[in-house]
Amino acid sequence: MPKTPHNAPGLHIDSLLAHGGGGHDPATGAVSPPIQTATTFVRDEAYELIKPGHIYSRDDNDLYHKTEGLIAALEGGEESRLFASGMAAVAAVARIVRPGGTLLAQSGIYWGTTLFLRKFCARNNIALVEADACDLEAFLDEFSVTRPDLVWLEVPSNPYLKVADILKISAHCRQTGALLAVDATAATPLILKPLSLGADLVMHSATKALNGHSDLLGGVVTTRDAASEAWTFIKEERKLAGAVLGSFETWLLLRGLRTLSLRVGRMNQNAAILSDYFERHPKIETVLYPGVAGHPHHDIAKSQMKGGFGSLMSVLVKGGKPEALKVTGALDLFQRATSLGGTESLVEHRYTIEGEGSGIPENLLRLSIGIEHADDLIADFDQALSAI
Ligand SMILES: *Cc1c(COP(=O)(O)O)cnc(C)c1O
């Protein structure tokens, strides 16, 4: 068998990423894999499969294998499964909890997840407990009161950029028999590896930085233990419930992953420069970014996150809603759009999205920092902040 980056020992993950998770296509020598558009695969005269696993595309195909193998390697996990969107991945994990069970979820996380968990749990007679995972003592106290089957964290959380202590919470989960799932979308697996901190499952919206080009919807779940009951269920559900990623999206995702390390490096660098800039700007009240020394979870972030603190950041503009909207409206380079992790920088007024009662400060702007030149990003905020 020819030596390929996939089986060469001791390679850095950056190198594995650059080669799209493996060398050329063995059938043709193509350096980029073909897009597998076939939905079904023939059997031979003896009714044997031509290639094991290749029966029907909802079950499996080579492109899924390759992409899932690369993400599992990135996470330091045993197996990964791609889903049709980040929410499909979130839903696949939530469905582990049976009717009558309890789900303990971090409060103040991605709004879509909160909404889904509330509706899903209400409909399925599952007790949903929402609590601040960064008030560690109170969060751990919830275990003895509510006895959760599944604990749900988002690290760092969106849009508050809280960093929960995965190591301590996972230890408590193990003691009490709860499973721990972590949505690490805002960090990427290059920065944060929840499985190495004791989590059982890690989720990502691949729509965000994994693909990185704002041109596909996708999700992925990775397990620490491929033989676990939870993982067997998740795999089976993906096949039976059918929330698979399309072949073209899988191919695009694998292409996006080739540059993940470069993109994350530049985004980290830009975010660090911008957070410094905002910290010193007289019209910014607070910078919510775990890389900032004054951030309440900076020490935990430093111990858990490697090589940077990610590209998601929120700032509180001095003033209220009118000032925040004025700054947003004056930005030229930052595009006014939701989502995160793309090459282009985005700005969002979360209060407008989540509304009254959400608790989102009216002066909060959520920023996704892209790979532009940092000077241009600063110049854009310089002129926009001078509008107030
Ligand atoms: C975007 C996002 C999701 C949902 O992913 P989609 O791909 O939009 O379905 C889940 N969790 C977090 C933290 C996200 O940012």
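The values are calculated or read from the model by the stated rules, or taken from the named source; none is laboratory data. What you see is a predicted model, and the numbers here were worked out from it, not measured in a lab. Neighbour counts are summed over all protein chains in view; Cβ atoms, including those assigned to glycine, are modelled from backbone coordinates with ideal geometry. Accessible surface is based on the protein model in full, side chains and every heavy atom, while ligands, DNA and RNA are left aside. Shrake-Rupley method; radii C 1.70, N 1.55, O 1.52, S 1.80 Å.
Looking only at residues in the stretch 59-90 that are more than 18 Å from H19 (Cβ to Cβ) and away from the ligand (no atom under 16 Å from the Cβ), the one that is surrounded by the most Cβ atoms within 10 Å (Cβ to Cβ) is G77. Considering the stretch 134-223, the qualifying strands (runs of 3 or more DSSP E), each wholly inside and each with 1 or more residues that are of a type in the set (S, T, N, Q) and more than 16 Å from the ligand (Cβ to nearest atom), run over 219-223. Taken as a whole, the condition of being touching a Pro at 6+ places or on another chain (Cβ under 9 Å) and outside the structural domain of I191 (by TED's automatic domain parsing) applies to L316.
For the stretch 224-236, state whether one or more residues are away from the ligand (no atom under 11 Å from the Cβ), in contact with a Cys (Cβ under 9 Å, 6 or more places away or on another chain), part of a loop (DSSP other than H, G, I, E, B) and open to solvent by less than 30 Å² (accessible area, probe 1.4 Å). No, the conditions are met nowhere in the stretch 224-236.
Condition check: in a helix (DSSP H, G or I), assigned by TED's automatic domain parsing to the domain that holds A184, buried (at least 23 other Cβ atoms within 10 Å of the Cβ) and within 16 Å of the ligand (Cβ to nearest atom). Does L245 satisfy that? When the stated conditions are applied, L245 does not pass them. Can you confirm whether the stretch 103-119 contains a residue that is among the basic types (K, R), within 16 Å of the ligand (Cβ to nearest atom) and closer than 30 Å to G23 by Cα? No. If you go through the stretch 281-293 and keep only what is closer than 27 Å to R263 by Cβ and in a loop (DSSP other than H, G, I, E, B), you end up with H281, Y289, P290, G291, V292, A293.
Where residues in the stretch 163-178 are of a type in the set (V, I, T) and under 18 Å from the mean Cα position of the chain (by Cα), which of them is nearest to H295 (Cα to Cα)? Here the answer is V163. A search for C-beta distances below 6 Å between a residue of the stretch 326-344 that is under 24 Å from S205 (Cβ atoms) and any residue that is among the basic types (K, R) and within 16 Å of the ligand (Cβ to nearest atom), counting only pairs 6+ apart in sequence or on different chains, returns L340/K208; G341/K208. Scanning the stretch 92-122 for residues that are among the aliphatic types (A, V, I, L, M) and either surrounded by fewer than 20 Cβ atoms within 10 Å (Cβ to Cβ) or at pLDDT below 95 (or both) yields L115, A122.
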